[in-house]
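First, the structure itself, so that you have it in front of you.
Please treat every number below as a calculation from the coordinates, not as lab data. The model shown is predicted, which means the values in this text are computed figures rather than measured ones. Every residue, glycine as well, gets a Cβ built from its backbone with ideal geometry; the counts of neighbours run over all protein chains shown.
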Amino acid sequence: MFGRKEEQKKKKVFVDLNDHSTPMYAPSDAGIKVVETTSYRDLKPLTDMAYRGNILVLDFSKFADGDIVKKEMAARLREVSKDISGAFTEVSDRLMILSPGGLGIDKCRITYKEK
């Protein structure tokens, strides 16, 4: 009455997925990278590794305690972790970890009770 269109019957088609062979995972060069940082120049390669999906374990032992460059690098890496939806944590004054999105970091302490 008001321009109503008749619905056409659609034929359902069965697709057998066994005929399509695709890998179940995508190959990646991502891994765990343990990096000893020595200067602010290391920031660019570190960010490149983070954007490729690597887990970075960063050793800042070459920097002095309270070094402004170390604090600046940590702030930049924290921004990178937010950008990739990852996680960043300082394990100690000299050890930091940056992980990609979907992989959180849980800091815990294991204690034993003496009997």
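If we count every other residue with Cβ under 14 angstrom of Asp48's Cβ, Lys/Arg +1 and Asp/Glu -1, where does the sum land? List each step's numbers first, then the result.
On the way: positive: Lys33, Arg41, Lys44, Arg52, Arg76; negative: Asp29, Asp42, Asp83.
In short, +2.
May I pose another question? When DSSP beta bridges are limited to those with both residues in segment 32-99, what percentage is antiparallel, rounded to the nearest 5? All intermediate terms of the calculation are to be shown ahead of the outcome.
Working: 8 of 13 bridges.
Among the beta bridges of segment 32-99, antiparallel pairing accounts for roughly 60 percent.
Could I ask something else about it? Please arrange Lys62, Lys12, Lys44 by counting, for each residue, the other beta carbons lying within 10 Å of its beta carbon, fewest first.
Values: Lys62 13, Lys12 5, Lys44 9.
By the 10 Å Cβ count, ascending: Lys12, Lys44, Lys62.
Within 10 Å, Cβ to Cβ, of Thr89, how many net charges do the neighbouring residues add up to if Lys/Arg are +1 and Asp/Glu are -1? All intermediate terms of the calculation are to be shown ahead of the outcome.
Working: positive: Arg78, Lys107; negative: Glu90, Asp106.
After counting each charged neighbour, the total is 0.
What's the exposure ranking of Ile32, Ile97, going from fewest to most Cβ atoms within 10 Å? Each step should come with its number before you reach the end.
Values: Ile32 10, Ile97 19.
Ascending number of Cβ neighbours within 10 Å: Ile32, Ile97.
Next question, about the same structure. What's the exposure ranking of Thr47, Thr37, going from fewest to most Cβ atoms within 10 Å? Walk me through the numbers before you get to the answer.
Values: Thr47 18, Thr37 23.
Placing the least packed residue first, the sequence is Thr47, Thr37.
Arranged from highest to lowest average of other beta-carbon atoms within 10 Å per residue, in what order do the peptides 100-108, 66-74 appear?
Values: 100-108: 10.2, 66-74: 13.8.
Most protected by this proxy first, the peptides run 66-74, 100-108.
Right, next: For every other residue with a beta carbon closer than 13 angstrom to the beta carbon of Lys62, add +1 if it is Lys or Arg and -1 if Asp or Glu, then tell me the sum. Let's see the in-between values first.
Working: positive: Arg41, Lys70, Arg94; negative: Glu36, Asp42, Asp59, Asp65, Asp67, Asp93.
In short, -3.
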